[in-house]
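Data first, discussion second: the structure below is written as structure tokens.
The values are calculated or read from the model by the stated rules, or taken from the named source; none is laboratory data. This one's a predicted model, so the numbers in the text were calculated from it and none came from an experiment. When we count neighbours, we look across all protein chains shown, and the Cβ atoms used for this are built from the backbone with ideal geometry, even at glycine.
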Amino acid sequence: MTLLVFVAVGVAVWYFRDGRHRPGAGASAAAQARRLRTPLVRLADLLGIETVRGREAKQWYAGALGEKRTAARLKPLARQGWTVLHDRALPTGRANVDHLLVSPHGVVIVLDSKRWSARAPLQVVSGRLMHGRRDVTTWLDGLRYEARTVARVLGCPVIPIVSMEGAPLVGGELVLDGIRIVPADRTVPVLRSIARRRRAVGEHPGPRAAALFPEYRRK
């Protein structure tokens, strides 16, 4: 009994120290994972007991890791004149943008990071996005909404792209309803290719994007 009390106190201290906000790529996903991992959930994990919240926390942590890895891949673009913003809040609601990029010539891209199981391939079948046997088409709705919102706020076209880590893409790359899904290790070459082929007209939207889409903090 004394051991359990000691472990519970240690977990509680760990929980409150781990709850501090850490800005940057994957920050909001990691924060949500920490919120889900309450002292009781952490204690259950230590005892080898699986809980619903524990599983959800692992999924959020996986998402945060995917965003951090994408951010690391995007670093060369920032050195080449791109505006590279991570984990940015939309003006209304509780949604956030994983990565908001503006090329040196003003092309705006909303990039969504995903890190899914490699045990099943991702493919488009009869107009539906399938991860193995699971229909995940509606998952694109969030990215579509983010791109529309950013386009409305900035007053310019926005290109939505998914950077997929883990799940292999049948055919090497996918496109569904105007949303391009590319392997994580091909993300930067794809972005550079888009930037070479497109140019924005008018004022460069990079500074406005940084000002209008602040660092995300979950409400």
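For the stretch 121-169, taking the residues that are in contact with a Lys or Arg (Cβ under 7 Å, 6 or more places away or on another chain) and modelled with pLDDT under 95, the one that is nearest to Thr187 (Cα to Cα) is identified as Glu165. Of the residues in the stretch 204-218, none is in contact (Cβ under 8 Å) with a residue 60 or more places away in the chain, on the phi > 0 side of the Ramachandran plot and part of a loop (DSSP other than H, G, I, E, B).
Here's a check for you: in the stretch 103-114, which residue that is over 17 Å from the mean Cα position of the chain (by Cα) and at negative phi is surrounded by the most Cβ atoms within 10 Å (Cβ to Cβ)? Step by step, filter the stretch 103-114, then rank; the result is Ser103.
Taking strands (runs of 3 or more DSSP E) as the structural unit, those lying wholly within the stretch 138-201 and holding at least 3 residues that are touching a helix residue (DSSP H, G or I) at 6+ places or on another chain (Cβ under 7 Å) and buried (at least 17 other Cβ atoms within 10 Å of the Cβ) correspond to 158-165. Restricting the stretch 73-95 to residues that are without any contact (Cβ under 8 Å) to a residue 12 or more places away in the chain and in a helix (DSSP H, G or I) leaves a set whose member that is surrounded by the fewest Cβ atoms within 10 Å (Cβ to Cβ) is Arg79. Scanning the stretch 107-120 turns up one or more residues that are in a strand (DSSP E or B), at pLDDT below 95, among the small types (Gly, Ala, Ser) and in contact with a Gly (Cβ under 7 Å, 6 or more places away or on another chain). Inspect the stretch 162-180 for any residue being in contact (Cβ under 8 Å) with a residue 60 or more places away in the chain and hydroxyl-bearing (Ser, Thr, Tyr) and give the result as yes or no. Yes; the residues of the stretch 162-180 include at least one that is in contact (Cβ under 8 Å) with a residue 60 or more places away in the chain and hydroxyl-bearing (Ser, Thr, Tyr).
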